[in-house]
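> My questions will all concern the structure given below.
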Amino acid sequence: MTMPLTSTIATRTGPDWPCQVKIPGSYDWERSAVKWLRELVPTRYAGYPTLIRHPILLARHAHIQVQHEIRVARTALQTARADLPGLGLSESVIEHTIKMYAAEVLQLQHIARSIREVTQALIDTHAAR
């Protein structure tokens, strides 16, 4: 019996593995991981040679970056109802904004889990060398 590729990927890498990153052990998987991680950090950091040469450091920085973004989105969500009416925004705009921040927190939490999976795979790969 042949299992679908997506089932195999989820089993081998976990459900939060980013689709942009190849499976650990496959050809060029670390390059795909670095490319994905670089997209998660500010451009000025993505070009630092030390971070590019050491993907585990890049993963660490991406994790820190996303944790800060989660805090910002949570703060914006928690303060929206109190702060936004004073800016002259209508109730419907405020409600849409709250939904946007709530969705962003969930998305960022997913990205954080994905970063953890990629980081662990990078650590495992480098430990096996």
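> What do you reckon, is Arg60 out of contact with any helix residue (DSSP H, G or I) (no Cβ under 8 Å at 6 or more places or on another chain), assigned to a helix (DSSP H, G or I), farther than 19 Å from Ile23 by Cα and of a type in the set (Lys, Arg)? Reasoning before the result, please.
Details: out of contact with any helix residue (DSSP H, G or I) (no Cβ under 8 Å at 6 or more places or on another chain): no; assigned to a helix (DSSP H, G or I): yes; farther than 19 Å from Ile23 by Cα: yes; of a type in the set (Lys, Arg): yes.
No: the conditions fail for Arg60.
> For the structure I just gave you, tell me whether Leu40 is open to solvent by 50 Å² or more (accessible area, probe 1.4 Å) and not charged (D, E, K, R).
Details: open to solvent by 50 Å² or more (accessible area, probe 1.4 Å): no; not charged (D, E, K, R): yes.
Answer is no for this residue.
> Residues in the range 66-86: is at least one in contact with a Leu (Cβ under 8 Å, 6 or more places away or on another chain), modelled with pLDDT of 95 or more, surrounded by 14 or more Cβ atoms within 10 Å (Cβ to Cβ) and over 19 Å from Ile111 (Cβ atoms)?
We begin by selecting, within the range 66-86, every residue in contact with a Leu (Cβ under 8 Å, 6 or more places away or on another chain); these are 66, 69-70, 73.
From the residues that got through so far, the ones that are modelled with pLDDT of 95 or more too are 66, 69-70, 73.
Next, only the ones that are surrounded by 14 or more Cβ atoms within 10 Å (Cβ to Cβ) stay: 66, 69-70, 73.
Those left that are additionally over 19 Å from Ile111 (Cβ atoms): none.
No, that holds for no residue.
> Also, quick follow-up: What are the residues in the range 30-57 that are part of a helix (DSSP H, G or I) and of a type in the set (A, V, I, L, M, F, W, C), if any?
Initially, the range 30-57 is screened for residues part of a helix (DSSP H, G or I), giving 30-38, 43-46, 49-53, 55-57.
Ala33, Val34, Trp36, Leu37, Ala46, Leu51, Ile52, Ile56, Leu57, listed by residue number.
> In this structure, does Glu104 turn out to be assigned to a helix (DSSP H, G or I) and buried (at least 16 other Cβ atoms within 10 Å of the Cβ)?
On the way: assigned to a helix (DSSP H, G or I): yes; buried (at least 16 other Cβ atoms within 10 Å of the Cβ): yes.
The answer is yes for Glu104.
> Might you let me know whether the range 113-123 holds any residue that is exposed (fewer than 12 other Cβ atoms within 10 Å of the Cβ) and out of contact with any Ser or Thr (no Cβ under 8 Å at 6 or more places or on another chain)?
Residues of the range 113-123 exposed (fewer than 12 other Cβ atoms within 10 Å of the Cβ): none.
No, that holds for no residue.
> Follow-up question, since we're still on this one. Suppose the filter is farther than 14 Å from Val21 by Cα and touching a residue at least 60 places away in the same chain (Cβ under 8 Å); does His54 pass it?
Values: farther than 14 Å from Val21 by Cα: yes; touching a residue at least 60 places away in the same chain (Cβ under 8 Å): no.
When the stated conditions are applied, His54 does not pass them.
The values are calculated or read from the model by the stated rules, or taken from the named source; none is laboratory data. Just so you know, these numbers come straight off a predicted model, no measurement behind them. No Cβ is skipped: glycine too gets one built from the backbone with ideal geometry, and neighbour counts run over all protein chains shown. SASA here: full protein model, heavy atoms, side chains in, ligands and nucleic acids out. Shrake-Rupley method; radii C 1.70, N 1.55, O 1.52, S 1.80 Å.
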